[in-house]
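**Q** So that we are looking at the same thing, I have put the structure below in C-alpha cells.
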Amino acid sequence: VRSARIDGVGEMRVSLLLDADGRIRHADLAGDFFVLSDIDSHIIAPLLGRQLRADDLADTFRDNDLAHTVHGLTNQTFINLLINNQPS
C-alpha cells in the first residue's frame with residue numbers, strides 16, 4: 001500500500017498486489033482526489049501485468065496524461081508514489 005497527500009491533488013492511496021516476478025496483478029486507487037474520467041480504464045487497467053519499475057511505468061503512461069483522469073495528477077508524481085511511496 002502506498003499513500004500520500006499530494007499538493008493540488010489530495011490524499012491518494014494505492015493498493016498493489018504483485019506476483020513473484022514483480023508484476024502488478026491487482027491495483028486499487030482510493031482517496032479524496034477529483035476524478036475527471038474513468039480510473040479503471042485509464043489508470044488501473046494499464047498497470048496490470050506491468051513491472052513495478054519506473055521505466056516500465058513511464059512507458060505504460062507515455063501516451064496517457066493522468067491529469068486528464070485525476071485533477072492535478074502528473075504522470076511522474078504518480079510513478080514516484082508507486083515506486084518510492086513519495087510524490088514529488
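The values are calculated or read from the model by the stated rules, or taken from the named source; none is laboratory data. All figures in this text were calculated on a predicted structure; none of them were measured in a lab. Methodologically, a virtual Cβ is constructed for each residue, glycine included, from the backbone with ideal geometry; neighbour enumeration extends over all protein chains shown. Surface accessibility is based on the protein's heavy atoms, side chains included, excluding ligands, DNA and RNA. Shrake-Rupley method; radii C 1.70, N 1.55, O 1.52, S 1.80 Å.
**Q** What's the number of the only condition in (1) in contact with an Asp or Glu (Cβ under 9 Å, 6 or more places away or on another chain); (2) in contact (Cβ under 8 Å) with a residue 60 or more places away in the chain that Gln86 fails to meet?
**A** So Gln86 meets the others, but not (1).
**Q** Taking region 8-24 on its own, how many of its residues are in contact with a Gly (Cβ under 8 Å, 6 or more places away or on another chain) and among the charged types (D, E, K, R)?
**A** Residues in region 8-24 being in contact with a Gly (Cβ under 8 Å, 6 or more places away or on another chain) and among the charged types (D, E, K, R): 3 in total.
**Q** How many residues are at positive phi and modelled with pLDDT under 95 when one looks only at region 9-38?
**A** Within region 9-38, residues that are at positive phi and modelled with pLDDT under 95 number 1.
**Q** Okay, next question. Can you name the condition, by its number, that Asp63 falls short on among (1) farther than 18 Å from Asn85 by Cβ; (2) at pLDDT 95 or above?
**A** Single failed check for Asp63: (2).
**Q** Kindly evaluate Ser41 against the criterion of being open to solvent by 30 Å² or more (accessible area, probe 1.4 Å), farther than 17 Å from Pro87 by Cα, part of a loop (DSSP other than H, G, I, E, B) and modelled with pLDDT of 95 or more.
**A** It is false that Ser41 is open to solvent by 30 Å² or more (accessible area, probe 1.4 Å), farther than 17 Å from Pro87 by Cα, part of a loop (DSSP other than H, G, I, E, B) and modelled with pLDDT of 95 or more.
**Q** For Arg25, only one of the following conditions fails: (1) over 21 Å from Asp7 (Cβ atoms); (2) in a helix (DSSP H, G or I). What is its number?
**A** For Arg25, the exception is condition (2).
**Q** Quick check on my filter: what residues within region 27-37 are out of contact with any helix residue (DSSP H, G or I) (no Cβ under 9 Å at 6 or more places or on another chain) and either open to solvent by 80 Å² or more (accessible area, probe 1.4 Å) or touching a residue at least 60 places away in the same chain (Cβ under 8 Å) (or both)?
**A** If the condition is that a residue be out of contact with any helix residue (DSSP H, G or I) (no Cβ under 9 Å at 6 or more places or on another chain) and either open to solvent by 80 Å² or more (accessible area, probe 1.4 Å) or touching a residue at least 60 places away in the same chain (Cβ under 8 Å) (or both), then Asp32, Phe34 are the ones that fit.
**Q** Just the residues that are more than 22 Å from Gln86 (Cβ to Cβ) and hydrophobic (A, V, I, L, M, F, W, C), please, taken from region 27-38.
**A** Listed by number, the residues that qualify are Val35, Leu36.
**Q** Let me ask something else about it. Looking only at region 47-85, count how many residues are outside any helix (DSSP H, G or I) and either open to solvent by 20 Å² or more (accessible area, probe 1.4 Å) or at positive phi (or both).
**A** Going through region 47-85 one residue at a time, the tally reaches 14.
**Q** Are any residues in region 9-26 closer than 17 Å to Leu81 by Cα and surrounded by 12 or more Cβ atoms within 10 Å (Cβ to Cβ), and if so, which ones?
**A** Hits for region 9-26 are Val9, Gly10, Glu11, Met12, Arg13, Val14, Ser15, Leu16, Leu18, Arg23, Ile24, His26.
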